[in-house]
Each structure stands twice: as C-alpha cells, then as structure tokens.
1. Which of the residues spanning the range 150-167 are hydrophobic (A, V, I, L, M, F, W, C) and either within 20 Å of Ala188 (Cα to Cα) or in contact with a Ser or Thr (Cβ under 7 Å, 6 or more places away or on another chain) (or both)?
2. Residues in the range 177-202 that are within 15 Å of Ala108 (Cβ to Cβ) and either without any contact (Cβ under 8 Å) to a residue 12 or more places away in the chain or in a loop (DSSP other than H, G, I, E, B) (or both): how many?
3. Just give me the residues in the range 118-131 being exposed (fewer than 14 other Cβ atoms within 10 Å of the Cβ) and in contact (Cβ under 8 Å) with a residue 60 or more places away in the chain, in sequence order.
4. Is it true that His97 is surrounded by fewer than 16 Cβ atoms within 10 Å (Cβ to Cβ) and farther than 17 Å from Pro156 by Cβ?
5. Within the range 28-48, count every residue that is of a type in the set (S, T, N, Q) and without any contact (Cβ under 8 Å) to a residue 12 or more places away in the chain.
Amino acid sequence: MSFLLIDKKVSSEKYQKIIDAAVKVFSKKGFFNSKVADVAKEANVADGTIYLYFKNKDDLPISIFEHSMDYFFHHTQDALKDIHCPREKLRKFISLHLSLVQKNQNLAIVLQVELRSSHKFMTEYKPDKFFQYLQIVEDIMLQGQKEGLFTDKINPQIAKRVIFGAIDELALEWILMRNKRYSIEEAAEQLFSIIYEGMKVA
C-alpha cells in the first residue's frame, strides 16, 4: 500500500492512481522535466484523464502536498494522544516526522525538493494544512511553558518555525546524502537534544 492511500478521504481510485504516479514521476525526473503525459503513462490512464481531475501539472504537487500534510497531521495527533509530557511530545514529533521521511523517500523528494519548482505552489498556494501541522509544535511549546519546562523567553510562534525548519533541513540533507553517514534515528535524537537544551528552563 502506498503512503498516500492511507488518506481515506480520497474516494476515487483513479484519482489516487494519478497522485501516486505523480509522486513516482516527479521524484525520478523532477517536476520541471516531467510532463503530464509521463504521469498518465505511469498511472496507466489516457492523457486526457489527468485533466478530469487536475487543471494542469501545477495542480498535481499541490494535491500531493495537501494529502501528505493531512496524513502527517492526523498520524502525529494519533501518536501524541497518549503522551502527556511536552518534552516527550517534542521528541516524538521530531522522530516521527523524520521516520516518515525515511519510509517514503520518493514522496519526501517531491515535498522537500520538487515542490519548490512549482511557481503556482510557491506564489499562489496558501498551505492551510501545513499551518495546521505547525500548530502541533506551537501547542507543545505552550504546554511546556505553562508547566515550567520550557523557558517563557521563547516565542512559540517563532519556535515552531525554527523547529520545523531544522527538521526540514535534516530531512533534505538525509535524502540527498548518497553515503548515509548517520541514521535517521541518530539525526532525530541529536536534533531533539539540541532544541531541548536551548529551550529548557535552566
């Protein structure tokens, strides 16, 4: 089962086949070098079928992003629901995100690299689902400050961007690294330690 098939909101099997095909094509050929015909061939559908579901090629990465963020959000919420300590929530958030990157590297390449090649995505799209995902980090920060675990000198709205930015950079570096010099588990634990040491109350 592919990563994106986990999204139960998508009812159309053909729509899903196109999304999965786009992930595979974009990760191998790059968004800029890929054609709608390449996606159609990979999905085993006629070229015109793509346009029944998407206006153009730029709509494909946006759909991939939305499905992915929706999955990340719900999967993370489910993983955190039985964890009460904000410190451990933060550790879990970091490790979970990086483990999903490791398990779904084609998708990760599209999210980390190829989305930036889409002019429509970069200039027109408002990533509400991404903001929803970032809110998880902000909520962890607020809880940690309320419980006296994290310093109140840090603005949670800034911290969530810093934390995600660090995770994102590690994920990108790990994906592009030909000879893996460290495991994704080591990266997650090291990043958690760096962030936590900088936020905890002395």
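1. Hits for the range 150-167 are Phe150, Ala159, Val162, Ile163, Phe164, Ala166, Ile167.
2. Counting residues in the range 177-202 that are within 15 Å of Ala108 (Cβ to Cβ) and either without any contact (Cβ under 8 Å) to a residue 12 or more places away in the chain or in a loop (DSSP other than H, G, I, E, B) (or both) gives 2.
3. His119
4. Values: surrounded by fewer than 16 Cβ atoms within 10 Å (Cβ to Cβ): no; farther than 17 Å from Pro156 by Cβ: yes.
No; evaluated as a whole, the condition is false for this residue.
5. Residues that pass the stated criteria total 1.
Where a number appears in this text, it was derived from the coordinates with a stated rule and is not lab data. None of the values given here were measured: they were computed from a predicted structure. As a convention, Cβ positions derive from the backbone with ideal geometry for all residues, glycine included, and neighbour counts pool all protein chains shown.
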